[in-house]
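Read through the structure below, which is laid out as structure tokens, and then see the notes.
The values are calculated or read from the model by the stated rules, or taken from the named source; none is laboratory data. Note that the structure is a prediction, hence the values are computed from the model and not measured. Glycine gets a Cβ as well: all are built from the backbone with ideal geometry, and neighbour counts include every protein chain shown. Heads up: the accessible areas ignore ligands, DNA and RNA and are worked out on the full protein's heavy atoms, side chains in. Shrake-Rupley method; radii C 1.70, N 1.55, O 1.52, S 1.80 Å.
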There are 2 protein chains.
Amino acid sequence: MRNKINIGILGGGQLARMSLMAAVRMGFEVSILEKQEGSPAGQLTDNEYTGWVDDKKILKNFIENCDVITLENEFIDYHYIEKIEKSGKKVIPSAKTISLIQDKYIQKETLRNKKIPAAKFMSVECDTKFEEVVKELGLPFLLKSRTMGYDGYGNATVYCDEDFKIAIEKLKTRKSKLFAEKFVNFSKELAIMVVRTEKEIATYPVVETVQKDHICKEVIAPADISPEIAEKAKYLAKKAIRAVDGIGLYGVEMFLTKEGAILINELAPRPHNSGHYTIEACYTSQFENHIRSVLGYPLGSTEMIKPAAVMINILGKREGEGFPENMDEVLKEKSVAIHIYGKKKSRVGRKMGHITAIGDKTEAILKKARKAEKIINI
Amino acid sequence: MRNKINIGILGGGQLARMSLMAAVRMGFEVSILEKQEGSPAGQLTDNEYTGWVDDKKILKNFIENCDVITLENEFIDYHYIEKIEKSGKKVIPSAKTISLIQDKYIQKETLRNKKIPAAKFMSVECDTKFEEVVKELGLPFLLKSRTMGYDGYGNATVYCDEDFKIAIEKLKTRKSKLFAEKFVNFSKELAIMVVRTEKEIATYPVVETVQKDHICKEVIAPADISPEIAEKAKYLAKKAIRAVDGIGLYGVEMFLTKEGAILINELAPRPHNSGHYTIEACYTSQFENHIRSVLGYPLGSTEMIKPAAVMINILGKREGEGFPENMDEVLKEKSVAIHIYGKKKSRVGRKMGHITAIGDKTEAILKKARKAEKIINI
């Protein structure tokens, strides 16, 4: 084995950037493959490969330079991951796991086969009629792209036949097959990070995620739920990750229904926005445990350092430079941590950074973090 | 003002590396000037300048690319800092401050002029006799290089006339004038980080530093001292930084004597080994406050998150690669944070990284950190 270990990440966005920082702190090298040069992660390493998995030459160079490979999104066709595996390099998560997650219909079938509770769903083909779906799932229901959906892109809520037609037309442009899902009238959206190696499995605390316009806006850690529900959520999250043969780091999104049931919403085979708080709030961040799990190394403690943590996403408020004009103003809020992702350009609603605050009481730190978020001009 | 701010650091070692990481997390750009390519900090930025302050062309390019400039050691002749200032770019700490710190004799005179307590000292010229020094300072005394001393290099303890002659011969090779200092029979060595802008001054907790062979081995935060002594130490540390007109981040080393007096030992105009624990242990690390102070921005909270923190330096145990052979073994110690600096080569006694542990009780976390340090093979 070479002394210095090089970890390859497919993708160079903020998730790769924060994993890179955790890896670098421990002295590992990181290689980044991303379509454009100077990506949030690519700008932090000399091992920057510009191109994508469909460029055989670039991919070959990238693979040869890495000891192990991971990824920051689930949108890479698992056949490419298989190719990398066939070249002899380990990919975590594996092609098999990605194949069970990236098509949400298959993901849901996989969970159903293991009797893991989730919203009822059905396949939607070209000839599927509105009435058939209503008969199966009731109204309203969700129409979803099977692949490539994120932050609300690729989803539509259907209340009537006309909605159905419009949604199908709209989602067709995304070149993905569709499926329909029962609408869940939830009381809270929850999430858990799960990290797993061949030897260990660990969960981070259950958090509440608050979405606005289908994008995660705030995360409250831990979620204000009973210990019984928290235990059940952790149990189901672990079961879900085992169901997809998952090794590595996973975000598990869930619904807590008004009746107190937990339904798995979605799995993400990578660091997750709901786990950003762990950088400041836990002994070992999701990003460090991402790196540890990819290497098959012992996991770090997922315990929180303080009783409460909040994370607020910094979403672009304007078109223009990807750096805030008024950092000096933002930093007046003494004990919040500001993360800016180094994206070249901002646009309205784009994830540009995040703010974390930790402390003893959720309310007090939420106030601070919200104040900082309100001020920032990015 | 350009939207993205570029902070230049003179030097690319571990202190620059950790300052860079804090800057990057907040979205700033960092430029590194270092003699060799691929330095611990240089490897993390595209803005890597290879050369030194005496290379006019490189320095000019570097200065032009930066909005503000700082440094990671006090060994750069302050005349170079003056030149940068004359080019119109701000340097924090300023040439004036560096001129008052980098020559330890001048540093001690500056503190004495402000009546800040420190060990008695005197100049040593070519014709200074052993008896003259003994008469003034007693035995033993220390003979020190006025400039370029660190980690015990440039110091010698003198017990007799023969020691004196040997020490003078040895220290002469360092091409620095000498001075002598009264030997302090201390009960503890203490240190404090002070950070100061035009508007604010803040101190981190007083810590105890434990040296082995003149190199900082362990840091205990906070030091086990009375609140009165802690207050006095903070008061003197701030006074010392004001005495050198210090803006930016400073390490202040002190002795606590057996009689309970505090004597200032040395000032360092930069992040300091005794402040590494702040990365995990404080709301805002010394490195983040370094960056904030260099920009003249509001300072972050210097408060500790947990009651106790310890830091242990990872010193090279062998010659060879600068990366541990057994990271997987080291990471078994669940809740310690391992920092490896990315130096290409290790050698016995070289600072290769550090370990931090935080918690409720010093004893328990010290045990964990020591265990991890014992295992690591670097």
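Screening residue A:175 against (1) closer than 30 Å to residue A:369 by Cβ; (2) modelled with pLDDT under 90; (3) more than 19 Å from the chain's Cα centre (by Cα) leaves a single unmet condition, (1). Kindly evaluate residue B:267 against the criterion of being more than 12 Å from chain A (Cβ to nearest Cβ) and within 15 Å of the chain's Cα centre (by Cα). It is true that residue B:267 is more than 12 Å from chain A (Cβ to nearest Cβ) and within 15 Å of the chain's Cα centre (by Cα).
Condition test on residue B:368, is it free of Cβ contacts under 8 Å to residues at least 40 places away in the same chain and out of contact with any strand residue (DSSP E or B) (no Cβ under 9 Å at 6 or more places or on another chain)? Answer is no for this residue.
Determine whether the stretch A:291-314 contains at least one residue that is within 22 Å of the chain's Cα centre (by Cα), modelled with pLDDT of 95 or more and over 30 Å from residue B:335 (Cβ atoms). Scanning the stretch A:291-314, I find no residue that is within 22 Å of the chain's Cα centre (by Cα), modelled with pLDDT of 95 or more and over 30 Å from residue B:335 (Cβ atoms), so the answer is no.
Figure legend. Inter-residue proximity from the stretch A:25-38: first residues under 17 Å from residue A:75 (Cα atoms) and open to solvent by 10 Å² or more (accessible area, probe 1.4 Å), second residues modelled with pLDDT of 95 or more and assigned to a strand (DSSP E or B), beta-carbon distance below 9 Å, spacing 6+ or different chains. Indicated pairs: A:34/A:9; A:34/A:10; A:34/A:48; A:34/A:49; A:34/A:50; A:35/A:50; A:36/A:50. The single residue among A:114, A:135, A:129 that is touching a residue at least 60 places away in the same chain (Cβ under 8 Å), over 14 Å from residue A:181 (Cβ atoms) and out of contact with any strand residue (DSSP E or B) (no Cβ under 8 Å at 6 or more places or on another chain) turns out to be A:114. Flag: residue B:325 matches the condition of being modelled with pLDDT under 95 and either under 15 Å from the mean Cα position of the chain (by Cα) or under 20 Å from residue B:376 (Cα atoms) (or both). Taken together, the residues in the stretch A:12-49 that are on the phi > 0 side of the Ramachandran plot and touching a Ser or Thr at 6+ places or on another chain (Cβ under 8 Å) amount to 0. Within the stretch A:327-344, is there a residue that is open to solvent by 10 Å² or more (accessible area, probe 1.4 Å) and within 30 Å of residue A:69 (Cβ to Cβ)? Among the residues of the stretch A:327-344, at least one is open to solvent by 10 Å² or more (accessible area, probe 1.4 Å) and within 30 Å of residue A:69 (Cβ to Cβ), which makes the answer yes. Among the residues of the stretch A:15-24, those identified as in contact with a Phe, Trp or Tyr (Cβ under 9 Å, 6 or more places away or on another chain) and either without any contact (Cβ under 8 Å) to a residue 40 or more places away in the chain or surrounded by 24 or more Cβ atoms within 10 Å (Cβ to Cβ) (or both) are A:15, A:17, A:18, A:19, A:20, A:23. Pairs linking a residue in the stretch A:291-305 that is at positive phi to a residue that is part of a loop (DSSP other than H, G, I, E, B), with Cβ atoms under 7 Å and 6 or more positions apart or on different chains, are A:296/A:197; A:296/A:198. Filtering the stretch B:259-283 to residues that are under 15 Å from residue B:356 (Cα atoms) and of a type in the set (S, T, N, Q) leaves B:273, B:274, B:278.
Can you confirm whether residue B:210 is among the β-branched types (Val, Ile, Thr), touching a strand residue (DSSP E or B) at 6+ places or on another chain (Cβ under 7 Å), at pLDDT 95 or above and open to solvent by less than 10 Å² (accessible area, probe 1.4 Å)? No. Close contacts from the stretch A:239-264, counting a first residue that is at pLDDT below 95 and a second that is in a strand (DSSP E or B), with Cβ to Cβ under 6 Å and a gap of 6+ residues or different chains, come to A:258/A:187.
Candidates A:12, A:51: the one that is away from chain B (no Cβ under 13 Å), touching a helix residue (DSSP H, G or I) at 6+ places or on another chain (Cβ under 7 Å) and crowded, with 24+ Cβ neighbours inside 10 Å is A:12. One residue alone among A:361, A:317, A:371 is under 28 Å from residue B:360 (Cα atoms) and open to solvent by 40 Å² or more (accessible area, probe 1.4 Å), and that residue is A:361. Select from the stretch A:54-81 the residues that are of a type in the set (S, T, N, Q) and under 18 Å from the mean Cα position of the chain (by Cα) and write down the one among them that is surrounded by the most Cβ atoms within 10 Å (Cβ to Cβ). Within the stretch A:54-81, the match that is surrounded by the most Cβ atoms within 10 Å (Cβ to Cβ) is A:70.
Residue A:254 meets each of the listed conditions (1) away from every other protein chain (no Cβ under 14 Å); (2) open to solvent by 10 Å² or more (accessible area, probe 1.4 Å); (3) touching a Leu at 6+ places or on another chain (Cβ under 7 Å) apart from (2).
Residue pairs whose Cβ atoms lie under 7 Å apart, separated by 6 or more positions or on different chains, with the first residue in the stretch B:61-75 and within 21 Å of residue B:197 (Cβ to Cβ) and the second of a type in the set (Lys, Arg) and surrounded by 22 or more Cβ atoms within 10 Å (Cβ to Cβ), are B:71/B:270; B:72/B:270; B:74/B:270.
Residues in the stretch A:279-321 that are among the basic types (Lys, Arg) and under 23 Å from residue A:248 (Cα atoms): 1 in all. Can you pull out every residue in the stretch A:15-44 that is charged (D, E, K, R) and more than 10 Å from every other protein chain (Cβ to nearest Cβ)? Once the filter is applied, which keeps residues that are charged (D, E, K, R) and more than 10 Å from every other protein chain (Cβ to nearest Cβ), the stretch A:15-44 yields A:34, A:35. Within the stretch A:184-202, if we keep just the residues that are charged (D, E, K, R) and over 24 Å from residue A:140 (Cα atoms), the residue that is surrounded by the most Cβ atoms within 10 Å (Cβ to Cβ) turns out to be A:196.
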